[in-house]
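Inspection log for the structure reproduced underneath, given as structure tokens.
We did not get these values from a lab; they are worked out from the coordinates using the rules stated. Everything numeric here is computed off the predicted structure, so don't read it as measured data. Backbone-built Cβ (ideal geometry, glycine too); neighbour counts: all protein chains shown.
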Amino acid sequence: MTNKNKVALITGATSGIGRATAQEFAKHGIHLVICGRRQERLDSLKATLSKETEIYTLNFDVRDRAQTLEAIAGLPDAFKTIDILINNAGNAHGLDPIQTGDLDDWDAMMDINVKGLLYVSKAIIPGMTARQSGHIINIGSSAGKEVYPNGNVYCGSKHAVLAITEGMRIDLNPFGIKVGAINPGLVETEFSEVRFKGDAKADAVYKGYKALQPEDVADVIYFAISRPAHVNIADVLMFCTAQANSTLVKKEL
Ligand code: NDP
Ligand code: 8X3
């Protein structure tokens, strides 16, 4: 199915999976609303991708409900009709046992990964239901299917993303809106730098094996949005070959 000239809004487009998805979508002529908090990165991505498609940047923090709703409501006419929503913004904050976990980390993960995804969706779904068309892809995680040691709250936030995805698919079914989740395992992005707050521990996470690259996930996202109208990719779990599950990764050190 051609998506040329459709409009996609991608949260977390300043880095990693979101940026790779913007790059992939641009190749196919999809018009893009790229979102994030780091304006200089949005500007530089816009400068590059404008050679291929129409780009609009939106700077907001998904934790801020009013800012999120206002930013999306204020989109110019050419970008207002969102056909495809990629709910990708999110991160892990910390990797601590529940008894010593940091409350600010917990707030960040629940506020960004769960509530932020809901705020963005709330701003966009009414347009989709009115038009009786649309496609929403939520970026979950293998951590949404399996809990691992010290993953407690991050895993909880991603389990919530999967439950919300299923709820969206049920409630939006009468409107013909597609909803699905793409759930990667380890992907080499800035994810671990954020999780470990710049600590050197982050360097070890992707050493000794070939992790998924953000482009690998973007490929699958594009595959999902380019199926025929009657096909909905509801749920994908993807790992790099070296990873068998959340705790078993074959490393050569
Ligand atoms: P990155 O850290 O590379 O990218 C995270 C993106 O989220 C950035 O663009 C960042 O933009 C945005 N973001 C973070 N917090 C906020 C906020 N408060 N408001 C708005 N935007 C925000 O990580 P990934 O690309 O790896 O992560 C993308 C998604 O993929 C996340 O949902 C993550 O949980 C999921 N995932 C990642 C895996 C991995 O191993 N890397 C595996 C499975 C799932 P900015 O800072 O500019 O606001
Ligand atoms: C990111 C993958 O294994 O670090 O969601 O939780 S993991």
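Charge dipole of the chain (Cα centre as origin; +1 on each Lys and Arg Cβ, -1 on each Asp and Glu Cβ, all else neutral): 580 debye, rounded to the nearest 20.
The aspartates and glutamates whose alpha-carbon is closer than 15 Å to the alpha-carbon of K210, local same-chain residues fewer than 8 away aside, are E188, E252. When each of the peptides 11-21, 180-190 is scored by how many other beta carbons lie within 10 Å of its residues on average, the order from highest to lowest is 11-21, 180-190. Selection among I34, G101, S246 by position relative to the dipole of the chain gives I34 as farthest towards the positive end (Cβ unit charges, Cα centre). Note on the stretch 22-124: along the principal axes its Cα atoms extend 50, 25, 21 Å, ordered by decreasing extent. Only beta bridges with both residues in the chain are counted; by DSSP, about 5 percent of them are antiparallel. Calculated on the alpha-carbon coordinates, the convex hull of the stretch 7-238 measures out at 121 cubic angstrom per residue. List the aspartates and glutamates whose Cα sits under 14 Å from the Cα of K197, skipping any in the same chain fewer than 8 residues away. Partners found: D96, D102, D104, D105. If R0 equals 35 Å, the separation of the Cβ atoms of A204 and R65 corresponds to a calculated FRET efficiency of about 0.45.
Each residue of the stretch 75-89 is assigned a 3J(HN,Hα), and the resulting list reads 4, x, 3, 5, 10, 6, 8, 7, 8, 10, 10, 10, 7, 10, 3 Hz, derived from the Karplus form 6.51 cos²θ - 1.76 cosθ + 1.60 (θ = phi - 60°), x at Gly and Pro.
State which helices in the chain qualify, where a helix is a whole DSSP H run, it must extend 20 Å or more along its own axis by its Cα atoms, and its mean Kyte-Doolittle hydropathy must be at least 1.0. Span-like helices in the chain: none at all. Towards the positive end of the charge dipole of the stretch 7-238, with charges on Cβ (+1 Lys, Arg; -1 Asp, Glu), say which of G16, Y206, A73 has the farthest Cα. Final value for the positive-end residue is A73.
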